[in-house]
Amino acid sequence: MKLRASPAFRMGLSIAVATGLYGISFGALSVASGLTVWQTIALSVLMFTGGSQFAFIGVIGGGGTGSAAFGAAALLGVRNVVYGMQINRMLSPRGWRRLTAAQITIDESTATAAAQADADEQRRGFWAAGAGIYILWNLFTALGAVLGDAMGDPKRWGLDGAAVAAFLGLLWPRLRGREPVAIAVACAVVTVAVVPLTAPGVPILIAAVVAAVWGWLRHEPRAQLAAGSEERS
């Protein structure tokens, strides 16, 4: 099948264009948060996961330490480990493809692959979305960083708080169902409560611990219930 005739390939490219354009906002906001143009570009090239990158610059822009920013980014990036196991089982990449696949395994590339029923289409969709987003995200990150650096003082344009707003924009569509909303509200309350008491960047780490404990407490009763059902059967 020619790539142009592949539905998964076309889907991957359309997702790549739509997602890659967000790199402009990240580049501008990263520079506004205090990173240099080259630091911003390096962050996209090496980290390459939008939510974690916005969390990183959000902490830095708020005056947090590098370790706190890295911790917040790492916590959000844990999901990519799960995606990686799914892609490894689905596509079984080997050699250099395995390393490349690990770098471009993100929400969009995983979702594009998982949406396909045919194994070849899964492969086409994953590589089209992943590679396409990686290239465009980094190109537009560089463009946004250069434009943002040329704009001067971010406070003059109201960009000093825009990184947080952009991160919330990425988070909001994921809040489906009562439990995710309840977790988000609980974490927000805890964050607001500890902001006056802790250093910048620490509140988001505390909120992550709250979410983790919530998930563990919710998982335990379900696990016990499942074990009890197996014993009865």
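What follows is calculated from the coordinates using simple rules that are stated; it is not laboratory data. Bear in mind the structure is a predicted one, so any value in this text is a computation, not a measurement. Note: ideal-geometry Cβ built from the backbone for every residue, glycine included; neighbour counts use all protein chains shown.
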Quiz item: Under a point spin-label approximation (7 Å from Cα along Cα-to-Cβ), what is the Ala188-Met85 distance to one decimal in nm?
Solution: 3.1
Quiz item: How big is the Cα convex hull of the stretch 1-130 in projection, averaged over all directions, in nm²?
Solution: 8.3
Quiz item: Can you list the HN-Hα couplings for the stretch 96-108, worked out from phi with the Karplus curve (6.51, -1.76, 1.60; θ = phi - 60°), rounded to whole Hz and with x for Gly and Pro?
Solution: 5, 5, 5, 5, 5, 4, 4, 6, 9, 7, 9, 3, 5
Quiz item: Sorted by mean Cβ packing within 10 Å, highest first, what order do the peptides 18-31, 49-62, 79-92 take?
Solution: 49-62, 18-31, 79-92
Exercise. Sort Trp127, Trp38, Trp137 so the one with the fewest other Cβ atoms within 10 Å of its own Cβ comes first.
Key: Trp38, Trp127, Trp137
Practice problem: Quick one: grab the alpha carbon gyration tensor of the stretch 77-118, order the square roots of its eigenvalues as a ≥ b ≥ c, and give me rounded if a/c is under 1.5, else prolate or oblate depending on whether a/b is larger than b/c. | Solution: oblate
